[in-house]
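Colleague: Submitted below is the structure of interest, expressed as structure tokens.
Read the figures in this text as sums done on the coordinates, not as results from a lab. Note that this is a predicted model, so its numbers are computed, not measured. Quick reminder, even Gly has a Cβ in these numbers, built from the backbone with ideal geometry, and neighbours come from all protein chains shown.
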Amino acid sequence: MMQRKQALIGLCLVLWAVALWAQRSPVASEQMRFEAQILRDTAALHRLLSDDLCYIHSNAVAETKTDFIRSVASGSIQYQAMRKLQHTKVQTWGRTALLQGIAEVQGLYQGNAFAMTLRYTSMYRKEKGRWRLIAWQSTRMPAAGG
């Protein structure tokens with residue numbers, strides 16, 4: 001029993017270290033955030049989002065970190081898939097990084113299904129060794145052929 005407990009503690013420490021290491025680049029942090037949004041992992045979102053976050057959705061709704069996490073936790077918005085279609089363009093200046101990309105996003109917003117392609121810009125700031133999202137702005141792209 002004691003060996004099992006020690007193994008579990010060891011595994012937890014390894015996973016924690018991997019999570020910290022993964023946040024050492026803004027692109028890795030962004031991928032972790034996409035996954036946390038799909039899984040509705042609010043603990044991960046607390047770590048990945050800056051307290052100064054301004055999250056502007058493609059429908060022009062603007063949310064703070066608290067608002068965004070509340071929306072995800074309550075199920076007001078449910079991300080079912082977030083897939084990058086284009087490699088992210090990354091520009092870094094010291095502790096600030098600007099990412100631009102295109103992603104397909106599917107989910108539910110206030111009970112209504114959505115599927116869209118977004119062109120987005122995200123800004124990350126390195127805080128205490130971790131890249132955290134400080135700003136997100138997305139624009140819905142027109143449907144192909146439309």
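Colleague: To the nearest 0.05, what FRET efficiency results for Thr66 and Ala113 with a Förster distance of 41 Å applied to their C-beta separation?
Modeller: 0.95
Colleague: On to the next question. For each of Phe34, Phe68, count neighbouring Cβ atoms within 10 Å of the residue's Cβ, then give the residues from fewest to most.
Modeller: Going from sparsest to densest Cβ surroundings: Phe34, Phe68.
Colleague: Next up: Around Glu104, with a cut-off of 10 angstrom between Cβ atoms, what is the net charge of the other residues, counting Lys and Arg +1 and Asp and Glu -1?
Modeller: +2
Colleague: Still on this structure, please answer the following. Using the Cα gyration tensor of segment 21-146, with a ≥ b ≥ c the square roots of its eigenvalues, what is the shape: rounded (a/c below 1.5), prolate (a/b larger than b/c) or oblate (neither)?
Modeller: Oblate shape, in that a/c is at least 1.5 and b/c is the bigger or equal ratio.
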